[in-house]
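Undergrad: Quick one: structure below, then a few questions.
The values are calculated or read from the model by the stated rules, or taken from the named source; none is laboratory data. Because the structure is predicted, anything quoted here is derived from the model rather than measured. Because the Cβ atoms are built from the backbone with ideal geometry, glycine has one as well, and the counts that use them run over all protein chains shown.
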Amino acid sequence: MHVHPLITDSATLANLCARLSQAPFVTVDTEFMRESTYYPELCLIQIADTEEAAAIDPMAPGIDLTPLLTLLTDNDDVLKVVHAGGQDIEIIYNLTGRTPHPLFDTQVAAMALGQGEQIGYSNLVDSWLGVQIDKGARFTDWARRPLDARQIEYAIGDVTHLSKIFPKMLERLRKTGRGAWLDQEMERLADPANYANDPDVAWKRVRVSSRKPEVLGRLKAIAKWRELEAQAKDLPRGRIVKDETIADLAGHAPRKQADLAKVRGLSQTWAGNDIGARLMAAIEGARPLPEDEMPPREDRKPGLGKEGALVADLLKLLLKIRARDIDVAPRLLARGDELELLAAGQRDGLQILQGWRFDQFGRDALDLVEGRMAFAVLNGRLTMTRTEAAA
């Protein structure tokens, strides 16, 4: 494979993207810094196919990333391969408002191949290629220039290794017939809605114990204010106000701006400055949360009392057994909340009762809940067996 020198000019990048646009797939990775900013600061983009690989410097003066972004988000003929690519996808979304598509995440694929739920990149490379990755440059300052040869070599390796692993993974998925299992997961990963930082729903990330509409209405208003302040200043939201302070403000709202000086977690200067005034405006403008926006009660899963909780525990045990038997990560088969809903009597809208998940797990789960299946120990191994009722 030909590895290009670091690309810092628009013409070289455009030529590279023109060639890669003819490839069946490209592997993609990014290096970024986000400790002191709201939006991740993109510092390096790596891309490869089976013939060539390159690192692109997005911080190079005057470089036009349009051909690369177009390849990633507008060319549906080229599959984009990532590993644990959520943050990489977020960066592309922030730049374009779109996500790479079609998409293949090797961490998700590894779940279908029995390699655990969140296999790390170095373990993936070791298991598929027998290569030990030097992690020395992993925590480097990617924003500092110039980048040295070791940094670039480390970064390029992320996509060159992946370009060798992906065809092997694809072949094994075809042999096992599990490729179709991943379609829904990949579509979910590529959904732009996952990466939109909507200030109107930011309150859902903050934990409060109260369910009073007035408190939740203030929480929504304050969390929205914080999100907009963080975006405008490009600072981490915790640098503006921490979650626990927001929860405190929502539950015990100050009556006037001068009272902000008494709030734990806020600077006393907020009692008289502009940011304090904007916070008070958000609090004063808050309205009780409407009934249709109220979060569901965690203890109101339909019919899930003590007996239902026991049934849910049995379903979780069944999930472990089934995942072991077919050598797949349990989380790919079912989520815990779906098992609780099934135990509570819900049948409609559950993924485990649809498609391949029903064939591989849902049918047995339904039979267990409805008395047609039971646990048994055979030769020291926990298994499932049909009951007389099923017969």
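Undergrad: In the list Gly62, Gly116, which residue meets the criterion of being small (Gly, Ala, Ser) and at pLDDT below 95?
TA: Gly116 is the lone residue from the list that is small (Gly, Ala, Ser) and at pLDDT below 95.
Undergrad: Here is a follow-up. Here are Asp327, Asp313, Asp292: which of them is within 28 Å of Gly177 (Cα to Cα), modelled with pLDDT of 90 or more and of a type outside the set (A, V, I, L, M, F, W, C)?
TA: Selected residue: Asp327, the only one of Asp327, Asp313, Asp292 that is within 28 Å of Gly177 (Cα to Cα), modelled with pLDDT of 90 or more and of a type outside the set (A, V, I, L, M, F, W, C).
Undergrad: Mind checking which pairs have a first residue in the range 256-271 that is farther than 16 Å from Ile240 by Cβ and a second that is hydroxyl-bearing (Ser, Thr, Tyr), Cβ under 9 Å, 6 or more apart or different chains?
TA: Between residues of the range 256-271 that are farther than 16 Å from Ile240 by Cβ and residues that are hydroxyl-bearing (Ser, Thr, Tyr), the close pairs are Ala261/Ser267; Ala261/Thr269.
Undergrad: Further, regarding this structure: Please give the helices (runs of 4 or more DSSP H) falling wholly within the range 95-200 in which 2 or more residues are touching a residue at least 40 places away in the same chain (Cβ under 8 Å) and farther than 30 Å from Arg237 by Cα.
TA: 106-112, 121-129, 149-176
Undergrad: Just one of Leu219, Leu235 is farther than 24 Å from Thr37 by Cβ and assigned by TED's automatic domain parsing to the domain that holds Gly285; which is it?
TA: Answer to the check: Leu219.
Undergrad: Here's another thing I want to ask about it. Within the group Pro102, Pro146, which residue is surrounded by fewer than 20 Cβ atoms within 10 Å (Cβ to Cβ) and within 17 Å of the chain's Cα centre (by Cα)?
TA: Pro102
Undergrad: Also, I was wondering about something else. Among the numbered criteria (1) part of a helix (DSSP H, G or I); (2) outside the structural domain of Ile91 (by TED's automatic domain parsing); (3) polar (S, T, N, Q), which single criterion is violated by Ser210?
TA: (1)
Undergrad: Of the residues Ala196, Ala155, only one is closer than 19 Å to Ile91 by Cβ and touching a strand residue (DSSP E or B) at 6+ places or on another chain (Cβ under 6 Å); which?
TA: Ala155
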